[in-house]
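The values are calculated or read from the model by the stated rules, or taken from the named source; none is laboratory data. These numbers come from a predicted model, not from an experiment. Glycine also receives a Cβ, built like all others from the backbone with ideal geometry; neighbour counts cover every protein chain displayed.
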Amino acid sequence: MSVHNPYQMYQDNSVFTAAPGELTLMLYNGCLKFISQAKKSILEKNIEGKHININKAQNIISELMVTLNMDYAISKEMRNLYDFINRKLIEANIKNDVKLLEEAEGLVTEFRDTWKEVIRINRAKQFKTGGLA
């Protein structure tokens with residue numbers, strides 16, 4: 001008999017039932033969480049923790065890159081920005097540099113905040129037109 005962690009079950013269910021836009025928001029939030037943990041690890045001289053968390057942030061950025069629809073010009077710009085963030089993460093990992101992580105974090109925060117606003121606007125439009133919010 002296996003014991004299920006209710007928190008993990010809730011998180012899994014959240015991912016499986018989220019709309020695509022909300023999944024992107026979850027990715028941004030996860031990336032920010034891992035960057036924050038990596039910064040903390042650097043300050044605590046925890047090299048393994050830094051490396052693990054930066055790799056997790058890089059994996060999220062990679063996922064965001066591969067899901068871009070390259071039929072749109074904005075996607076090409078986003079790919080360049082994601083590549084820039086990824087390079088900052090790599091450099092921060094090599095140099096144990098919190099400032100480089102903060103540069104990446106600033107961009108990811110801007111993307112996340114913009115994405116939150118897009119979701120809010122779409123929900124308001126759906127509500128106005130009688131769709132589900």
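Exactly one residue out of Ile54, Ile94 is part of a helix (DSSP H, G or I), over 24 Å from Pro20 (Cβ atoms) and in contact (Cβ under 8 Å) with a residue 40 or more places away in the chain, and it is Ile54.
Output the residue which, of all residues in the range 19-70 that are under 21 Å from Ile119 (Cβ atoms) and charged (D, E, K, R), is modelled with the lowest pLDDT.
Applying the filter and picking the extreme gives Glu22.
Quick check, is Asp83 free of Cβ contacts under 8 Å to residues at least 40 places away in the same chain and assigned to a loop (DSSP other than H, G, I, E, B)? Taking the combined requirement at face value, the residue does not satisfy it.
Considering the range 91-115 alone, what residues qualify as being farther than 20 Å from Lys50 by Cβ and loosely packed, with under 15 Cβ neighbours inside 10 Å? Steps first, answer last, please.
The first filter runs over the range 91-115 and keeps only residues farther than 20 Å from Lys50 by Cβ, leaving 110-115.
Passing the criteria: Glu110, Asp113, Thr114.
Residues in the range 97-112 that are free of Cβ contacts under 8 Å to residues at least 60 places away in the same chain and within 16 Å of the chain's Cα centre (by Cα): Glu103, Gly106, Leu107, Glu110.
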